[in-house]
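Student: So that we are looking at the same thing, I have put the structure below in structure tokens.
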């Protein structure tokens, strides 16, 4: 074979010019000299390209292909006439990686089977348990203010994020929410409506301060009625308490969901009351407690 262009060589190897250029960038395939504006490839380039493609199709990662190709160079024979030791090690490592990928795929298949079973049973696809989804759906259905409904959906999205990240135990939150009967869910809905009504109020006005004080008192009263289950919930977190790492994730989410200064002042006051609560304080990291108390 005389010299050929990149497209011709790629076609002969059953690949694309983009792949050839990618191998150039990785240093797997030497860049041939140019003649005019074109590069001329010869049989050595084609042979190396075919070997690269053969190794890749065999499951060898590109990061190991270069080492295997370099060991094709003439060398002194090995005792017993075997492969180079590093070649054997690379191939065994490749086999291990393939086994790990197979195990991961089998794990993913089992998870997909669970999702298939959920859909077949008429369940929604969500990392949150049905009890938690039903709780938020019930609260949202009791609301009339669009902003309050958005607030509830934001809380559900935040809970989903925490559940997916593994930072929040779904079993514990399920037990916590099961404590709220219909009457208390109506209270939760009313608190959301009142909290939403804070948006746009004048932070400096006396009526606003009175409204915030009344709302925070009622919010804390609800928390206090469930303080022991709240304590159990936080005690089930990693490390047995609400950690700085978890708050570093959840705190910014709260600030993003409630940017209004009056709303932010309200939940800061609620957090301060929770930090001072003798039962809840035992399961809140001291660093987080200090931040909450500062407001």
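The values are calculated or read from the model by the stated rules, or taken from the named source; none is laboratory data. Quantities reported herein were computed from a predicted structural model and do not represent experimental measurements. All Cβ positions, even for glycine, are placed from backbone atoms using ideal geometry, and neighbour counts span all protein chains on display.
Student: Count, please, the residues in the stretch 185-201 that happen to be more than 11 Å from residue 138 (Cβ to Cβ) and in a helix (DSSP H, G or I).
Tutor: 8
Student: List the residue pairs whose Cβ atoms are under 6 Å apart, where the first residue sits in the stretch 266-280 and is in the same structural domain as residue 221 (by TED's automatic domain parsing) and closer than 16 Å to residue 254 by Cβ, the second is at pLDDT below 95 and not in a helix (DSSP H, G or I), and the two are 6 or more positions apart or on different chains.
Tutor: 268/295; 272/295
Student: List pairs: first in the stretch 45-56 and touching a residue at least 24 places away in the same chain (Cβ under 8 Å), second in a helix (DSSP H, G or I) and crowded, with 18+ Cβ neighbours inside 10 Å, Cβ under 6 Å, 6+ apart or cross-chain?
Tutor: 46/9; 49/13; 50/13; 52/65; 53/13
Student: Could you please find all residues in the stretch 134-150 being out of contact with any helix residue (DSSP H, G or I) (no Cβ under 6 Å at 6 or more places or on another chain), over 19 Å from residue 178 (Cα atoms) and assigned to a helix (DSSP H, G or I)?
Tutor: Within the stretch 134-150, 146, 150 meet the criteria.
Student: For residue 256, work out the one condition from (1) loosely packed, with under 15 Cβ neighbours inside 10 Å; (2) over 29 Å from residue 181 (Cα atoms); (3) touching a residue at least 24 places away in the same chain (Cβ under 8 Å) it doesn't fulfil.
Tutor: Result: residue 256 passes all but (3).
Student: So which of 293, 253 ends up being more than 28 Å from the chain's Cα centre (by Cα), closer than 28 Å to residue 169 by Cα and either assigned to a helix (DSSP H, G or I) or not assigned by TED's automatic domain parsing to the domain that holds residue 185 (or both)?
Tutor: Unique residue meeting the criteria: 293.
Student: Let me ask something else about it. Restricting to the stretch 9-20, name every residue that is part of a helix (DSSP H, G or I) and surrounded by 14 or more Cβ atoms within 10 Å (Cβ to Cβ).
Tutor: Within the stretch 9-20, 9, 10, 12, 13, 17, 19, 20 qualify.
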